[in-house]
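A.B. asks: Let me give you the structure first, and then I'll get to my questions.
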Amino acid sequence: AEGGASLEKELEIANQEVERVARLLEEIGSPDEAVAPRVRLVEVNRMIEDLLLLYGEALFAEKKIVLSPMLDASILPISCDVEGLKQVLLNLLINASEALSNGDQVMVCTSDHVNYEGKVMVEISVADNGPGMPPEKIAGIFAPPGEGHADAVRGIGLPTSLALVRAMGGHLVCRSRLGEGTTFAILLPRTGGPDAQAAVGAPS
């Protein structure tokens, strides 16, 4: 019964992802129309758990990469572009999967009440213990293809990821050292509150 419930949950999340991608493709097909960000309340931890349930097996388990979620249970819902945040997280997870080898580890962490320049933020990080990157690659990690060193860096979706995070009023930070792994941290404004209801991903 437990296995059936798990499969039912995976199918539910998969259907939601298919609908999300269909919406994005529809928007891309109408370039002349301004597309407003889909700003909604989201339970960050729940959204991450759903993404890992849907993609964790293919991205990490099949490659024998150890996946370790460390989610701050105290995080309240935040208001953001839900579709954009999912796209950024998925891109970071794919990049980590491609960079790591058998037996490596990736940690997905969340933390609340992060003070960034006087603003209270929520932090979402994807950290690995993989090969890391040298300084010359880090310098151009967010540059569009063909500019700086970005064409030599794995993860061609990073410039788009940065643009999406900035559009949400947030920040995207990369820390990496050759031989010591890589960490990407997303900082998003804390705009939700204790009375926030109908959050995306919240139990019905």
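A.B. asks: Taking segment 101-120, which residues are within 17 Å of the chain's Cα centre (by Cα) and closer than 16 Å to Thr183 by Cβ?
C.D. replies: Gln105, Val106, Met107, Val108, Cys109, Thr110, Ser111
A.B. asks: Only one of Met70, Met107, Met121, Met47 is closer than 16 Å to His171 by Cα and either touching a residue at least 24 places away in the same chain (Cβ under 8 Å) or open to solvent by 40 Å² or more (accessible area, probe 1.4 Å) (or both); which?
C.D. replies: Met121
A.B. asks: Just to be sure, is Gly103 part of a loop (DSSP other than H, G, I, E, B) and in contact with a strand residue (DSSP E or B) (Cβ under 6 Å, 6 or more places away or on another chain)?
C.D. replies: Here the answer is no, as Gly103 does not meet what is asked.
Quick grid of which residues meet (1) in a helix (DSSP H, G or I); (2) among the acidic types (Asp, Glu); (3) within 13 Å of Ile186 (Cβ to Cβ):
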site: Glu49; (1), (2), (3): yes, yes, no
site: Leu53; (1), (2), (3): yes, no, no
site: Glu62; (1), (2), (3): yes, yes, no
site: Leu67; (1), (2), (3): no, no, no
site: Asp72; (1), (2), (3): no, yes, no
site: Ser79; (1), (2), (3): no, no, no
site: Glu83; (1), (2), (3): yes, yes, no
site: Gln87; (1), (2), (3): yes, no, yes
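A.B. asks: With respect to Ala96, is the statement that it is open to solvent by less than 20 Å² (accessible area, probe 1.4 Å), assigned to a strand (DSSP E or B) and small (Gly, Ala, Ser) true? Spell out how you get there, then give the answer.
C.D. replies: On the way: open to solvent by less than 20 Å² (accessible area, probe 1.4 Å): yes; assigned to a strand (DSSP E or B): no; small (Gly, Ala, Ser): yes.
Answer is no for this residue.
The values are calculated or read from the model by the stated rules, or taken from the named source; none is laboratory data. All of these numbers come straight from a predicted model, not from anything done at the bench. With ideal geometry, Cβ positions are generated from the backbone for all residues, glycine too; neighbour counts draw on all protein chains shown. Please note that ligands, DNA and RNA were not included when accessible areas were found on the heavy atoms of the full protein model with its side chains. Shrake-Rupley method; radii C 1.70, N 1.55, O 1.52, S 1.80 Å.
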